[in-house]
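Remarks on the structure that follows.
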Amino acid sequence: MRTPQIYFRQDVLCETLGGNTCPLLTITAMPESKSSDHICQFRNRPLIFLSARVHPGETNASWVMKGTLEFLMGSSPLAVSLREAYIFKIVPMLNPDGVINGNHRCSLSGEDLNRQWQNPNPELHPTIYHTKGLLQYLAYIQRAPLVFCDYHGHSRKKNVFMYGCSVKETVWQSDISATSSDLHEDLGYRTLPKILSQIAPAFSMASSSFVVERSKESTARVVVWREIGVKRSYTMESTLCGCDQGKYKGLQIGTRELEEMGSQFCVALLRLKRLTGLRNHQHLLDMESDIIGTQTKPVSVWLQLWLCVVEPQ
């Protein structure tokens, strides 16, 4: 149930090709008071950007999103701390037309919207065009998200896992000639999935990949990583069948487990905040290194809608 301590706002990001609305949600904690210090803290919280259901047939993505939204709007101490830690910008359904019309993978233009991120057309791909535009604006005002995650479902693979982006791991998997000493990369992109593997029974770090394949260069997580500069940019895939590890091994995954995954994603973000909020940067790198188990190396209405800082109502 919504309380006065929760800041919740629903805007219309855009209209779709079919004339349906695409909602944009903002969730965070209300400032403690109207003092300048509290308002400043309120405005400067790190941003988390989440989206889902770009592929209409991946219905399990919406169950994971449901778990995330219910956790964020909950009254538990962890939910309170999470709202105080971040501002959440969420597009729960990137392809409303496809969902309404019963499509499996495409929009009404007959295209896979998750392959349109490099150069979206405002008329044919409005939800992608405006979501990317919002992210570009946030980067322009130096408020790019700490984490971007697009929720998907996978029709063949088991478990829940992530696709991320790494220059070094991509080079290692390619024919490009480069030595480790030529590449310097902060391994912080592995921290969030590693945390998830420790706390979420359906999540598998072993199933996750951080290689940027040429065929995926026009997808959300790669474009947001490459063009917006979000190091922790992910696709989170949830199985449509079951798990082959953890306490759900050998079992079919259901809506309860998917909602649990959505809430565990929130818990992982809170743990990530405790790491990234440390003042001593070297201590942060050491802790991240411990978590990921490897050595870290250096490496108008329209205007209101696009503003990343929210105003108390």
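The values are calculated or read from the model by the stated rules, or taken from the named source; none is laboratory data. Because the structure is a prediction, the values reported are computed rather than measured. Virtual Cβ from ideal backbone geometry, glycine too; neighbours counted across all protein chains shown. Side chains included, ligands, DNA and RNA excluded: accessible areas come from the protein's heavy atoms. Shrake-Rupley method; radii C 1.70, N 1.55, O 1.52, S 1.80 Å.
Of interest is the spacing of the C-alpha centroids, which for the range 182-228 and the range 1-28 amounts to 27 Å. What the Cβ-Cβ distance of LEU124 and VAL211 gives, at R0 = 30 Å and to the nearest 0.05, is a FRET efficiency of 0.50.
Accessible surface of the range 31-171, 1.4 Å probe: 52 percent of it comes from carbon and sulfur atoms. Bridgeable lysines around LYS273 (alpha carbons under 23 Å apart, same-chain partners fewer than 8 residues away excluded): LYS66, LYS89, LYS194, LYS231, LYS297.
If you count only protein heavy atoms with a 1.4 Å probe, what accessible area per residue comes out for the range 1-109, rounded to a whole Å²? Present the calculation step by step, with values, prior to reporting the outcome.
Working: 4670 Å² over 109 residues.
About 43 Å² of surface per residue is accessible.
Phi-derived couplings, Karplus 6.51 cos²θ - 1.76 cosθ + 1.60 at θ = phi - 60°, listed residue by residue for the range 72-89: 4, 8, x, 10, 5, x, 5, 5, 4, 5, 5, 5, 6, 8, 9, 9, 9, 10 Hz, with x used for Gly and Pro.
Could the peptides 238-249, 253-264 be put in order, highest first, of the mean number of other beta-carbon atoms found within 10 Å of their residues?
Numbers: 238-249: 17.2, 253-264: 20.1.
Output ranking for 238-249, 253-264: 253-264, 238-249.
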